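Nothing in this text is a laboratory measurement; each read-out follows from the coordinates by a stated rule. Note that the structure is predicted; figures quoted are calculated from it, not measured. All Cβ positions, even for glycine, are placed from backbone atoms using ideal geometry, and neighbour counts span all protein chains on display.
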Amino acid sequence: GENVEQHPSTLSVQEGDSAVIKCTYSDSASNYFPWYKQELGKGPQLIIDIRSNVGEKKDQRIAVTLNKTAKHFSLHITETQPEDSAVYFCAASSANTGGFKTIFGAGTRLFVKA
Amino acid sequence: EAGVAQSPRYKIIEKRQSVAFWCNPISGHATLYWYQQILGQGPKLLIQFQNNGVVDDSQLPKDRFSAERLKGVDSTLKIQPAKLEDSAVYLCASSLRTGDNEQFFGPGTRLTVL
């Protein structure tokens with residue numbers, strides 16, 4: 001079945017450094033790629049998304065890149081801050097018989113050390 | 001704008017007991033999702049509703065799990081009887097419509113089965 005692989009599972013960076021999280025997906029029909037941030041005791045919250053007709057998107061310190069040929073997409077966080085510490089999930093969404101199905105990666109736990 | 005509400009936040013039961021979770025989506029959101037998030041993993045879709053109809057329940061263990069969305073607003077997810085492996089966080093999410101658009105997640109219900 002369809003799956004999304006996410007790496008690394010844990011990432012520790014120094015405050016001010018950059019963090020990169022990478023995902024690959026298997027379903028070539030996937031055309032929507034959201035990234036979610038989940039803090040302890042809360043539900044995931046969308047931080048950025050990208051559609052298949054775009055190769056890159058940026059929002060302040062966060063950027064996402066998509067390589068549809070290689071089925072890779074990545075999240076880049078620059079100038080990391082302690083409040084960026086959380087679990088980050090990538091996801092890939094594609095149409096199915098009833099609507100759209102979203103498959104999530106296993107998550108990356110990001111630690112930003114002050 | 002109020003977010004997705006879920007209750008209870010925590011539930012502890014013994015195996016073979018039954019349990020029910022409740023979700024109230026964001027007003028006007030046609031699509032409602034129930035996800036299961038096992039510790040250390042990404043959310044896995046259990047069932048997706050479009051208004052009061054089921055769009056996708058292919059991952060729902062129908063021998064013990066059931067869900068309904070009467071009147072196309074609130075939804076309940078039930079487990080009967082519960083097994084140890086059902087211990088997880090159950091997340092409810094809603095979106096304006098199905099497809100490539102943002103899902104808004106509730107805080108989740110943490111279920112522990114002893």
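Assigning unit charges at the beta carbon (Lys, Arg +1; Asp, Glu -1) and nothing else, what dipole magnitude in debye, to the nearest 20, does the protein assembly as shown show about its Cα centre?
Computed about the Cα centre, the dipole is about 480 debye.
For the stretch A:31-114, build the charge dipole from Cβ charges (+1 Lys, Arg; -1 Asp, Glu) around the Cα centre, then report which of A:Ile62, A:Phe89, A:Gly105 sits farthest towards its positive end.
It is A:Gly105.
Calculate one ³J(HN,Hα) per residue across the stretch B:29-34 by plugging θ = phi - 60° into the Karplus curve 6.51 cos²θ - 1.76 cosθ + 1.60, and present them in order as whole Hz with x for glycine and proline.
Taking θ as phi minus 60°, the curve returns 7, 7, 9, 10, 10, 10 Hz for the stretch B:29-34.
Just grab the label-to-label distance for B:Ser7 and A:Ser12, each label 7 Å out from Cα along the Cβ direction, in nm (one decimal).
4.2
Checking a compactness column here: for chain B, what do you get for Rg(Cα) / (2.2 N^0.38 Å), N being the number of residues?
This ratio for chain B stands at 0.99.
For the stretch B:1-110, compute the number of Lys pairs whose alpha carbons are separated by less than 23 Å, excluding pairs fewer than 8 positions apart on the same chain.
Total qualifying Lys-Lys pairs in the stretch B:1-110 comes to 14.
Got a sec? Charge dipole of the protein assembly as shown, +1 on Cβ for Lys and Arg, -1 for Asp and Glu; which of A:Ser74, B:Phe105, B:Val19 is way out at the positive end?
Working it through, the farthest residue towards the positive pole turns out to be B:Val19.
Please compute the modelled spin-label separation between B:Ala20 and B:Lys62, points set 7 Å along Cα→Cβ, answer in nm with one decimal.
With each label point 7 Å from Cα toward Cβ, the separation is 2.1 nm.
What is the count of Lys pairs in chain A whose alpha carbons sit under 29 Å apart, if the two are 8 or more places apart or on different chains?
28
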